[in-house]
Structure formats: structure tokens, C-alpha cells
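Inspection log for the structure reproduced underneath, given as C-alpha cells.
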Amino acid sequence: MAPTEILAEQHFVVLSELLEKLGIAAALLTSSVKEQQKQEIITKINRGELQIILGTHALIEEDVVFKKLGLAVIDEQHRFGVMQRAALVNKGIQPDFLVLSATPIPRTIALTLYGDLDISTLREKPPLRGEVMTKIVAEKEKSNVFQFINKELEKRRQVFIICPVIERSEKLELKSVNEVYQEIISVFPHFSVGVIHGRLKTNERVKIMDDFRRGTLHILVATTVIEVGVDIPNATVMLIEHPERFGLAQLHQLRGRIGRGAEKSYCFLLLNRFVAPETYERLTFFEKNNDGFALAQKDIKLRGPGEILGKRQHGLPDFRIGDIEDDRDLLFLARDDAFELVRRDPDMTLPQHHPVRKKLDYLLEREELLRIG
């Protein structure tokens, strides 16, 4: 399950080439699939005639019933709510469960510290990936940034420009996609510029992304609709307007759209106003760090790990004592003690373990959320 149709389709295209050679039946299920075809796919899922199904939130609709779900994989897990992830897993009887993200949300980090989820860390970049440099720039430096972008465009490279809103709001005073689009076409008249956001129809978004992927468009002005599922190796520059409006995880995901080719790439964070010291500290940390896990650890300090046995993705943890970051070593010791206790008395039947059993009975009522991550 992927959060966007663009990403689900991308996965399907890549996997189809491999699966076809192996004789494995697969299908793609999204909201854009025509109704007749959708019902045919759902029927095949119900009968177990498809071995791999890729899709979006369409996979967790009520009429999608898996004959025997053995493995649930969720890509870009931070884009789904806890209950949405639970809905997919509950389509089967205790299926294996794999969640993927380039930027782990704080709640998941908390679970891996003292829960029973295993974690695998991929520290190495895929081969032939270029370095990404990040720099905070002030509004007065904008003309220099545009000159740099022009040089990259002359090298036949491509550029993303990210805006936080589609339309201008008098209250927020943020530059909108439409405003920036008009500015960019006037600054770069010799290059083709496209604009993409969530209010466009699916077929319009697909065409724009295809044009950008083929190089017909040189600059793409966009909202966070391109946050995931966009793989343009030729894109080497990203300019983010109002970066203070984005969280660390979202900034990291956006920056991940560049540096996908062998060439060095550049991400500019354009500040056009004064920001609070803590906001500037957060952006400075992002500027100096490309490691998703380092960013997630910073995120956990800034906004807390979220409920351990609940639905909130962030906020203060439900601990009476202890701190997820400062008491990490103590939490690891407590987790080791817990596993040892279960090994010696799996059913908690010994008299000295009755208080533990009582607490476990309470927690078991909410165990599903703990398992989901």
C-alpha cells in the first residue's frame, strides 16, 4: 500500500517486469481504476487468484477481502494514520508486516526502542546517487539563487520549486503556487515551466509529471503533492519557499526528490521573513543533516514520540516518568528485563507477577495499535 497513485503506479511498473518473468499474477488497485475493472480485480483478490496486489487506500476498502493475506507492506508509512495501517493488517490473520519510510516518524522510533518491532536500517545510498547540498538563503540572496538555477538549466538539468499553499491567504501571507509560477515564467522565459498541485485532476497531474519526466518541462512549481513517488534523476535543484512551514520529516521527503542521479544536487531553503530562534535552529539542523534517522531523533526531541498505545502520531508520550531521549539506556534495560520475564514466566502465573499480569490484561485490549507501528 502506497499513499499516492503516482507511487503505487511506479511500484507496479517496476515489479510487473520482474513478476511477469516469474509467472506471478499481480494487479494495481487505486481509485482511478474504472469500476468494471476494479470489480474484476476485487473478485480475483477474494478468490486468491492474484498473488501480489499493489495499491493505495483502495486496498483497505470494506469490499476488498483477501483470501489469505500473508504479508502486508506499507510504503512511506508516515503518510498513513495508525488506523489506516491497522486496517490493512486486519485484512489477514496475523500476517507478516513490513513498514517502510525514509524518515521514521517519532512514534515508530519510540516503538523500536522498547517495543517488539524489529528494525532494519539501510545506511547506504543506492549506487550512482549524487551528493545533495542544502543551504538556507535569505530573500536578498534570491537573485543569486536564480542565477545558479539558470546555470543548471543551461546544463540541461531540471528544477523543483516548492510552495506551501495553492492559493494566497491574507492571514498567512504565504506565497502561493500560482504566484510563484507567474514569477518563475517571467524570470526564466527561455525555459518551459509547469505547475502541479492536489486540486488538479488525476489525468492532468499524470500528464504534467510525464512531461517533466521526459524533460519537456524544465521547471516544476509544485506543492507537497510531489513529496513521494517522483523519481526524476535529471532534477538537480530544489528551491523551497517558506521552509519554516514544513516539518523535518516533510522537508526530508521533499529533498529526496533530488539527488536521484549521479550529478551533485542542491536544495535551497528560502526564508523571506524573520523566524523564531527555535524554528531557525530546526532549519539549520536540517541544512547540516542528510540522515533520516538523525532528523527523526531531532524530531522526537522537538515534538515527542506520540502515544505508545494510541492513535496520536506525535505529542507528549503517555509516561508518568522517564524521557524517551534522555533515558534511552534505561529503556533498553527495561525492555531486556521484560523479555527475560516473559521467557521465565510466559503466562505470568507466578504470584509475584500478578501485578504485571493485571497490567498486561489492560494493555492487551490495545495491543493491535502497538503492533501496527
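List every residue pair whose Cβ atoms lie under 6 Å apart, where the two residues are 6 or more positions apart in sequence or sit on different chains, the first residue falls within region 176-190 and is without any contact (Cβ under 8 Å) to a residue 40 or more places away in the chain, and the second residue, located anywhere, is acidic (Asp, Glu).
From region 176-190, the pairs are Ser176/Glu167.
Answer yes or no as to whether Ala222 is more than 15 Å from Ser176 (Cα to Cα) and assigned by TED's automatic domain parsing to the domain that holds Arg199.
no
Quick check, is Phe160 out of contact with any Gly (no Cβ under 9 Å at 6 or more places or on another chain), in a loop (DSSP other than H, G, I, E, B) and touching a residue at least 12 places away in the same chain (Cβ under 8 Å)?
No: the conditions fail for Phe160.
Does region 59-76 contain any residue that is farther than 30 Å from Ala249 by Cβ and touching a Ser or Thr at 6+ places or on another chain (Cβ under 9 Å)?
No, the conditions are met nowhere in region 59-76.
Can you tell me which residues in region 59-90 are buried (at least 19 other Cβ atoms within 10 Å of the Cβ), within 14 Å of the chain's Cα centre (by Cα) and in a loop (DSSP other than H, G, I, E, B)?
The answer is Asp75, Glu76, Phe80.
Somewhere in region 143-164, is a residue loosely packed, with under 13 Cβ neighbours inside 10 Å, in contact with a strand residue (DSSP E or B) (Cβ under 9 Å, 6 or more places away or on another chain) and within 24 Å of Asn272 (Cβ to Cβ)?
Scanning region 143-164 turns up at least one residue that is loosely packed, with under 13 Cβ neighbours inside 10 Å, in contact with a strand residue (DSSP E or B) (Cβ under 9 Å, 6 or more places away or on another chain) and within 24 Å of Asn272 (Cβ to Cβ).
Wholly within region 215-308, which helices (runs of 4 or more DSSP H) include no fewer than the required count, namely at least 3 residues that are at pLDDT 90 or above?
Here the list reads 248-255, 277-288.
Looking at Glu62, is it out of contact with any Pro (no Cβ under 7 Å at 6 or more places or on another chain), over 27 Å from Val230 (Cβ atoms) and modelled with pLDDT under 95?
The answer is yes for Glu62.
From (1) closer than 30 Å to Thr30 by Cα; (2) in a helix (DSSP H, G or I); (3) among the aromatic types (Phe, Trp, Tyr), pick out the condition that doesn't hold for Phe148.
(1)
Does Thr56 satisfy being out of contact with any helix residue (DSSP H, G or I) (no Cβ under 9 Å at 6 or more places or on another chain), among the hydroxyl-bearing types (Ser, Thr, Tyr) and either surrounded by 12 or more Cβ atoms within 10 Å (Cβ to Cβ) or farther than 30 Å from His197 by Cβ (or both)?
Answer is no for this residue.
Which residue is nearest to Lys201 (Cα to Cα), if the candidates are limited to region 26-48 and must be among the aliphatic types (A, V, I, L, M) and touching a helix residue (DSSP H, G or I) at 6+ places or on another chain (Cβ under 8 Å)?
For region 26-48, the residue satisfying everything is Val33.
For Ile6, are the conditions met, namely being closer than 28 Å to Arg205 by Cα, assigned to a helix (DSSP H, G or I) and touching a Gly at 6+ places or on another chain (Cβ under 6 Å)?
Here the answer is yes, as Ile6 does meet what is asked.
State whether the residues of region 177-185 include one that is within 23 Å of Asp231 (Cβ to Cβ), more than 24 Å from the chain's Cα centre (by Cα) and not in a helix (DSSP H, G or I).
No, the conditions are met nowhere in region 177-185.
Being assigned to a loop (DSSP other than H, G, I, E, B), surrounded by 14 or more Cβ atoms within 10 Å (Cβ to Cβ) and modelled with pLDDT under 95 narrows it down to one of Leu174, Leu111, Leu122, so name that one.
Testing whether each residue is assigned to a loop (DSSP other than H, G, I, E, B), surrounded by 14 or more Cβ atoms within 10 Å (Cβ to Cβ) and modelled with pLDDT under 95 leaves just Leu174.
Here's a check for you: in region 246-266, which residue that is under 17 Å from the mean Cα position of the chain (by Cα) and surrounded by fewer than 20 Cβ atoms within 10 Å (Cβ to Cβ) is nearest to Ile162 (Cα to Cα)?
Gln250
The values are calculated or read from the model by the stated rules, or taken from the named source; none is laboratory data. Only a predicted model underlies this, so the values are computations on that prediction, with no experimental measurement involved. Heads up, the Cβs are rebuilt from the backbone with ideal geometry, glycines too, and the neighbour counts pull from every protein chain shown.
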